[in-house]
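Accompanying notes for the structure given below.
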Amino acid sequence: MSLVVGLSLLIKIYDFFNEVGLSKIYEKILEKKINRNKVPKHVGVIMDGNRRLAKLLGEKPIKGHYLGAKKVREFIRWCIDLDIETVTLYSFSLENFHRPKEEVEALMDLFEREFRSIAEDPDVHKYEISIKAIGRLHLLPKRVQEAIRYAEERTKNYNRYRVNIAIAYGGRQELVDAVKKIAEKVKNNELNIEDITVETISQHLYTAYLPHPDPDLIIRTSGEERISNFLIWQSSYSELYFCDIYWPKFRKIDFLRAIRDYQRRVRRFGR
């Protein structure tokens, strides 16, 4: 190895460790700036960028999804550290069924594995995390439905923290399902049309069982700035935060920045 190449390598190594060190220092500074009495009670996340990261790495899309699933565990722990009670993760939309068959089947394998794995995660039981899937679950393969039921059953008695996985989910379709339930009650004379209110619709959504069904903050990764049919009723007054980083590369620093930004905003709820 030449002297020039050796020096270049040493500089890169130094820069890498310097960056990591500075990153940790900045993370600690951000943590101190967070007001733990004003954290959101419910955070929604549009976990975007898995496939684009895989493409950058020269890998198949499923590689990005595997990395994204790994990031979910980290993210849940960050939320627990800040005592954020509810998290809703947008993992698979109804539109995603139209992706290539190979990718969809690989995703179903991943979902089956992850639901069974998270049901056995020691942290889930240590921190009493309730796991729940929301969406048109009947459209999923039976094996995935069974894995979901297993995770839900194993955590059904927990209510300290709640993690909702939006899978086979669409916000518009959720509203359609709510309207159908309400219409059925009207048809059976269980509800008068005149009595239908905003609260009536909210009470028939997938998130109705939550203590805080509407997310205070929605984070979207990858640089895209749209909601993409995610919790469109519940997000009417949510604060939105967009960042450029792909989901598998989302860092605690990025998360803390989102929380800091949320705490700087004045929420008026239209008043």
Next on the checklist: For the stretch 183-197, check the following and say yes or no: at least one residue is open to solvent by 50 Å² or more (accessible area, probe 1.4 Å) and closer than 25 Å to R162 by Cα.
Outcome noted: no
Next on the checklist: Here are the criteria: (1) open to solvent by 20 Å² or more (accessible area, probe 1.4 Å); (2) in contact with a Phe, Trp or Tyr (Cβ under 6 Å, 6 or more places away or on another chain). Tell me which single one V144 does not satisfy.
Outcome noted: (1)
Checklist entry - Is there any pair with a first residue in the stretch 35-53 that is at positive phi and a second that is part of a loop (DSSP other than H, G, I, E, B) and open to solvent by less than 20 Å² (accessible area, probe 1.4 Å) whose Cβ atoms are under 8 Å apart and which are 6 or more apart or on different chains, and what are they? => result G49/T221; G49/S222
Checklist entry - I34 passes all but one of (1) under 18 Å from the mean Cα position of the chain (by Cα); (2) under 18 Å from L256 (Cβ atoms); (3) of a type in the set (A, V, I, L, M); (4) surrounded by fewer than 20 Cβ atoms within 10 Å (Cβ to Cβ); which number fails? => result (1)
Item to check | Among (1) assigned to a helix (DSSP H, G or I); (2) touching a residue at least 40 places away in the same chain (Cβ under 8 Å); (3) acidic (D, E) - the single one D214 does not satisfy | outcome: (1)
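Every residue, every condition in (1) open to solvent by 10 Å² or more (accessible area, probe 1.4 Å); (2) part of a helix (DSSP H, G or I), yes or no:
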| position | (1), (2) |
| --- | --- |
| V43 | no, no |
| D48 | yes, no |
| R51 | yes, yes |
| A54 | no, yes |
| Y66 | yes, yes |
| A69 | yes, yes |
Checklist outcome for this item: Residue pairs qualifying under the 7 Å Cβ cut-off, at least six apart or on distinct chains, with the first in the stretch 252-271 being open to solvent by 30 Å² or more (accessible area, probe 1.4 Å) and the second being part of a helix (DSSP H, G or I), are K252/E27; K252/W78; R257/L30; R260/L30; R260/K33
Checklist entry - Among the residues of the stretch 113-128 satisfying the criterion of being open to solvent by less than 70 Å² (accessible area, probe 1.4 Å) and either outside any helix (DSSP H, G or I) or basic (K, R) (or both), which is farthest from L139 (Cα to Cα)? => result Y127
Item to check | Identity of the residue in the stretch 81-112, of a type in the set (D, E, K, R) and more than 29 Å from L217 (Cβ to Cβ), that ends up most open to solvent (accessible area, probe 1.4 Å) | outcome: K101
Checklist entry - Within the stretch 154-174, which residues are open to solvent by 70 Å² or more (accessible area, probe 1.4 Å) and either in contact with a helix residue (DSSP H, G or I) (Cβ under 8 Å, 6 or more places away or on another chain) or assigned to a strand (DSSP E or B) (or both)? => result R154
Item to check | Hey, D177 closer than 17 Å to T88 by Cβ, open to solvent by 20 Å² or more (accessible area, probe 1.4 Å) and in a loop (DSSP other than H, G, I, E, B) or not | outcome: no
Next on the checklist: Quick check on this structure: which one of P248, P213 is surrounded by 21 or more Cβ atoms within 10 Å (Cβ to Cβ) and either out of contact with any Pro (no Cβ under 7 Å at 6 or more places or on another chain) or among the charged types (D, E, K, R) (or both)?
Outcome noted: P248
Checklist entry - Do we have R116 as closer than 21 Å to F250 by Cβ and of a type in the set (D, E, K, R) here? => result no
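The values are calculated or read from the model by the stated rules, or taken from the named source; none is laboratory data. Quick caveat: nothing in here was measured; it's all calculated off a predicted structure. Note that each Cβ is placed from the backbone with ideal geometry, even for glycine, and that neighbours are counted across all protein chains shown. To get the accessible areas, we keep the full protein, side chains included, count just its heavy atoms, and leave off ligands, DNA and RNA. Shrake-Rupley method; radii C 1.70, N 1.55, O 1.52, S 1.80 Å.
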